[in-house]
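Student: Attaching a single structure in structure tokens format; questions to follow.
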Amino acid sequence: MHTQVFVDDPVKIGQNFAGKHIISIRQFDPQSLEILFHKTSTIKRCLQNGEQGEALAGKVITLLFFEPSSRTFSSFSAAIKRLGGQTIEYQNPMQTSSAIKGETLEDTVRVFEGYSDGIVMRHFEEGAPARAAKALSRIPIMNAGDGSGEHPTQALLDMFTLYEKFGRLDHLKGVIAGDLLYGRTVHSLLKGLSFYPGNTFYLLSPKELRLPRELFEEYTKARVTLVEIEKETDIPTDCQVWYWTRVQKERLADPSTYEVLKNRFIVTKKLLKEKGNADMIIMHPLPRVGEIDPAIDTDPRAYYLTHEVPNGMYVRMALLSLVFGK
Amino acid sequence: MHTQVFVDDPVKIGQNFAGKHIISIRQFDPQSLEILFHKTSTIKRCLQNGEQGEALAGKVITLLFFEPSSRTFSSFSAAIKRLGGQTIEYQNPMQTSSAIKGETLEDTVRVFEGYSDGIVMRHFEEGAPARAAKALSRIPIMNAGDGSGEHPTQALLDMFTLYEKFGRLDHLKGVIAGDLLYGRTVHSLLKGLSFYPGNTFYLLSPKELRLPRELFEEYTKARVTLVEIEKETDIPTDCQVWYWTRVQKERLADPSTYEVLKNRFIVTKKLLKEKGNADMIIMHPLPRVGEIDPAIDTDPRAYYLTHEVPNGMYVRMALLSLVFGK
Amino acid sequence: MHTQVFVDDPVKIGQNFAGKHIISIRQFDPQSLEILFHKTSTIKRCLQNGEQGEALAGKVITLLFFEPSSRTFSSFSAAIKRLGGQTIEYQNPMQTSSAIKGETLEDTVRVFEGYSDGIVMRHFEEGAPARAAKALSRIPIMNAGDGSGEHPTQALLDMFTLYEKFGRLDHLKGVIAGDLLYGRTVHSLLKGLSFYPGNTFYLLSPKELRLPRELFEEYTKARVTLVEIEKETDIPTDCQVWYWTRVQKERLADPSTYEVLKNRFIVTKKLLKEKGNADMIIMHPLPRVGEIDPAIDTDPRAYYLTHEVPNGMYVRMALLSLVFGK
């Protein structure tokens, strides 16, 4: 397998995923997304019909997670195994591995390069997967979330979920609520949707957690219309999607702020009745800690547990298959 | 696979295990146990002849362990893999997963429902697996021990070990010693043996760790004769089984009590000579910390390491195969 | 599979690896090493040609690691899986398993004997794997590092790397630098090289971390010429190998000593220019924390990341295959 070294200007994927580092949603475009989502739909259909994947048979992929994660870790682990692959699993290596002996990130990933056919990395530092990519010469790395940087596979599963429901990724209207400052899933999602024309998003967040100005300007300069709103009553009633997020206690410098900011905006039956519509869907990257009333869970529009979670595995299967597969 | 939602009155298994939550030994009866033990014997024979299982080929099962465990965790992990299945493994998720971000148990298990074909759960809270079962709609869950509640697969392996040795589960006579108050393995075992007529057990424990009154009455009302004794000299010499247990330091409110209570009753060569007989067996759910003198280990009647441990894997293979298998 | 019980005088391997405990490099000799390295070369060639191993198909091997490790753990895990085997993985069982409930090492390994076909053990106590071997009756155990005792598979990968490069293990000349007191990899390597005639090693270490006298005498009485040197200028320019090691903070009684001792001797471009030669190789058991300047990494003589790491997996595959395979 030939790997292209990742540089600061990330390599575009275009039509060819094989052997490429997947660091940022910025590497994708409508063409590569079409290939990925077509593959995802095929894999989903096959799996639901009980057919097993073999794309990673004989492959060993390292899951190198420097930060707690349950759904991303498990989703990747299940995805690899359902494709016939095997894993080397590392969680919290700061506690269990050579990292505590003072080894550099570069040395660590080069060691795993000696044992495995690919790396999936979660790290608490923004840019760590890109740094790791530069140290690798033989195998590709996939970013599974880097600090308050990016979380590309989350954006991909969100986009696939929208695509599967509405048949398009352009001319969508939605609300994005919660932590828009540190929320890397929001940043990656908005970037991804900026590849398509006609999208409009209402941004609902506490003032302290607004979308950073430079990102606001970047997405706007692309093709997304962004409208910052301050209260639930400003939500338009014709949205296709409500995308809610959690205020991430672990990223706030001052923990006391958390109690003030958390759950400022909550999806309730009442709000859904006042501002929702029949054809919309409700999304959340999970975990949630109160932002969506559990009474909503049985509503057919609640997509976070029933659609996003399994789609996360399917889209990762497709990506793994295209990047690491034979 | 169709799953029956688990309710407070647990679904009886009867002749059909497929897709059912396994929460309590109370779901079993002599008929279902006969099916299970027949399957266990077959699997054991096949494996010892070097034949591999395929019942879980293509399946991914989540091991979700909220509490330290080595033998139950490893036994399930080995059982799944020896049936051709794969695992997602979670130990101590309070330290490594979304649980620390404040996610509810219900959300956590629903997420794993999106990735896997079944869940095996150990939890420190009694009732957690039953709560989780109610949150699931598509896949079954198996209780691998819930606080001081139940540990059904331990009871099943104990019963299989007795069944394999004596060819029956009725009209047995035995001693059960140690922590009968918090010992969930004892509670599940006595419940299981209460399905059969003519069983008599002598209960040997410190006063502080006696069998709870309501359980004593429940088992007695069923078909088990229970006799509380206070010292080793009260042990009858014609028992089929001595079932010894550890005083569980981690469940005692007052740790100072532990030093007083631990190892009140110990199986020694001397005791075995005075009160044992040639055809009996010695059992222990393990780990032990002094309740059985290691000098006993090479005695052919010592079944805890040589028979119970491997039987634990075989009976779990049979159960996994019947519940999750094709 | 028949297992020979390991005793204080470890069982020699000779021509037959099957079912033997692998505790010490002392069990090997030139004949067994020739068999092992021939197997390693074959496996390496097959894997690089994309052929999959099947030697451990249907086998479950327990990785029981009582001490942090990343490369040894991952290397064994990958090796087992690339041979078609499965693993039960235990890291830091003091925190997650029955060990915290007070179980003895003997009971712990006997439990894993009930579930798996072999054990690979790392332990913080010297002699623990040998103790464990005595408790086992059915399956073999492999030492993956025991305190400041031995690390036989590290020595084997080091020797294979030398053998692959120079086509021989006799009449080699080299420097071994760093922590020669606690460095178990150094001890195992020197022992291994003492099986062959004509080897000469210059030992470069702080006075506080010199090779223990009894080992110095043992290797000298065998066939290794050892020369203690005190500074880089004493390095002869015609070495085949520079073997550098890390000062292990975690083994020093007094942590303040660490700051004084670490990085006393560093491989730099300057040193390599002054004392190196074109045909030599640079080795390190890793992790490194400054003993080798990263600027050296791209030098073709730098073998630690490019050759030793993958060879670690290949030699373990060969050993696992010979010991546990069909």
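Student: Under 6 Å by Cβ, and 6 or more places apart or on different chains, what pairs join a residue from region C:210-235 that is among the small types (G, A, S) with one that is open to solvent by less than 40 Å² (accessible area, probe 1.4 Å)?
Tutor: From region C:210-235, the pairs are C:A222/C:S194.
Student: Kindly indicate whether any position in region C:47-60 is in a strand (DSSP E or B), crowded, with 21+ Cβ neighbours inside 10 Å, without any contact (Cβ under 8 Å) to a residue 60 or more places away in the chain and within 14 Å of chain A (Cβ to nearest Cβ).
Tutor: Of the residues in region C:47-60, the ones in a strand (DSSP E or B) are C:60.
Cutting the leftovers down to crowded, with 21+ Cβ neighbours inside 10 Å gives us C:60.
Remaining after also requiring without any contact (Cβ under 8 Å) to a residue 60 or more places away in the chain: C:60.
Filter once more, keeping what is within 14 Å of chain A (Cβ to nearest Cβ): C:60.
Yes, region C:47-60 contains a residue that is in a strand (DSSP E or B), crowded, with 21+ Cβ neighbours inside 10 Å, without any contact (Cβ under 8 Å) to a residue 60 or more places away in the chain and within 14 Å of chain A (Cβ to nearest Cβ).
Student: As an exercise: evaluate C:L36 against (1) more than 8 Å from every other protein chain (Cβ to nearest Cβ); (2) open to solvent by 10 Å² or more (accessible area, probe 1.4 Å) and give the number of the one condition it does not meet.
Tutor: Among (1) more than 8 Å from every other protein chain (Cβ to nearest Cβ); (2) open to solvent by 10 Å² or more (accessible area, probe 1.4 Å), C:L36 violates only (2).
Student: Sticking with this structure for a sec: Which of the residues that make up region A:164-208 are touching a residue at least 40 places away in the same chain (Cβ under 8 Å), among the small types (G, A, S) and over 17 Å from A:Q248 (Cα atoms)?
Tutor: Residues satisfying the conditions are A:G174, A:G192.
Student: Please find, within region C:61-89, the residue that is nearest to the other protein chains (Cβ to nearest Cβ) out of those that are in a strand (DSSP E or B) and open to solvent by 10 Å² or more (accessible area, probe 1.4 Å).
Tutor: C:Q86
Student: Let me ask something else about it. Does region C:209-267 hold any residues that are in a helix (DSSP H, G or I) and open to solvent by 70 Å² or more (accessible area, probe 1.4 Å), and which are they?
Tutor: Hits for region C:209-267 are C:R213, C:E214, C:E217, C:K221, C:T233, C:K249, C:E250, C:P255, C:S256, C:E259, C:V260.
Student: Test of understanding: among C:G50, C:G114, which residue is small (G, A, S), at pLDDT below 95 and either closer than 28 Å to A:T108 by Cβ or more than 16 Å from the chain's Cα centre (by Cα) (or both)?
Tutor: Just one listed residue meets the conditions, C:G50.
Student: So which of A:R110, A:R26, A:R131 ends up being open to solvent by 10 Å² or more (accessible area, probe 1.4 Å) and away from chain C (no Cβ under 14 Å)?
Tutor: A:R26
Student: List pairs: first in region B:268-297 and over 14 Å from B:W244 (Cα atoms) and more than 14 Å from chain C (Cβ to nearest Cβ), second open to solvent by less than 30 Å² (accessible area, probe 1.4 Å) and not in a loop (DSSP other than H, G, I, E, B), Cβ under 7 Å, 6+ apart or cross-chain?
Tutor: From residues that are over 14 Å from B:W244 (Cα atoms) and more than 14 Å from chain C (Cβ to nearest Cβ), the pairs are B:K269/B:I296.
Student: Of these, C:A302, C:A278, C:A295, which one is of a type in the set (A, V, I, L, M, F, W, C) and open to solvent by less than 20 Å² (accessible area, probe 1.4 Å)? Walk me through it before giving the result.
Tutor: Values: C:A278 fails: open to solvent by less than 20 Å² (accessible area, probe 1.4 Å); C:A295 fails: open to solvent by less than 20 Å² (accessible area, probe 1.4 Å).
Only one candidate qualifies: C:A302.
Student: Select, from A:G192, A:G145, A:G183, A:G174, the only residue that is open to solvent by less than 10 Å² (accessible area, probe 1.4 Å) and in contact with a Cys (Cβ under 6 Å, 6 or more places away or on another chain). Step through it out loud before you land on a result.
Tutor: Numbers: A:G192 fails: in contact with a Cys (Cβ under 6 Å, 6 or more places away or on another chain); A:G145 fails: in contact with a Cys (Cβ under 6 Å, 6 or more places away or on another chain); A:G183 fails: in contact with a Cys (Cβ under 6 Å, 6 or more places away or on another chain).
That would be A:G174, the only listed residue that is open to solvent by less than 10 Å² (accessible area, probe 1.4 Å) and in contact with a Cys (Cβ under 6 Å, 6 or more places away or on another chain).
Student: Among the residues of region C:240-261, is any modelled with pLDDT of 95 or more, closer than 20 Å to C:L190 by Cα and of a type in the set (A, V, I, L, M)?
Tutor: yes
Student: Further, regarding this structure: Checking A:V309 against (1) among the aliphatic types (A, V, I, L, M); (2) assigned to a loop (DSSP other than H, G, I, E, B); (3) under 16 Å from B:E103 (Cβ atoms), which single condition isn't satisfied?
Tutor: Condition (2) is where A:V309 drops out.
Student: Scan region C:301-318 for residues that are of a type in the set (G, A, S), over 12 Å from C:P285 (Cβ atoms) and in contact (Cβ under 8 Å) with a residue 40 or more places away in the chain and jot them down.
Tutor: C:A318
Student: Can you tell me which residue within region C:313-326, out of those that are at pLDDT 95 or above and open to solvent by 10 Å² or more (accessible area, probe 1.4 Å), is nearest to the other protein chains (Cβ to nearest Cβ)?
Tutor: C:Y314
Student: Checking the condition open to solvent by less than 30 Å² (accessible area, probe 1.4 Å), within 15 Å of the chain's Cα centre (by Cα), modelled with pLDDT under 95 and on the phi < 0 side of the Ramachandran plot, which residue from C:P310, C:P287 passes?
Tutor: None of the other options fit; the residue is C:P287.
Student: Among the numbered criteria (1) more than 22 Å from C:L83 (Cα to Cα); (2) assigned to a helix (DSSP H, G or I), which single criterion is violated by C:S137?
Tutor: Evaluating C:S137 over (1) more than 22 Å from C:L83 (Cα to Cα); (2) assigned to a helix (DSSP H, G or I) leaves (2) as the failure.
Student: Going by what's in this entry, would C:R138 be described as among the charged types (D, E, K, R), within 14 Å of chain B (Cβ to nearest Cβ) and touching a helix residue (DSSP H, G or I) at 6+ places or on another chain (Cβ under 7 Å)?
Tutor: yes
The values are calculated or read from the model by the stated rules, or taken from the named source; none is laboratory data. The structure presented is a predicted model; accordingly, all values stated were derived computationally and were not measured. Methodologically, a virtual Cβ is constructed for each residue, glycine included, from the backbone with ideal geometry; neighbour enumeration extends over all protein chains shown. The area values use the complete protein model at the heavy-atom level, side chains included, leaving out ligands, DNA and RNA. Shrake-Rupley method; radii C 1.70, N 1.55, O 1.52, S 1.80 Å.
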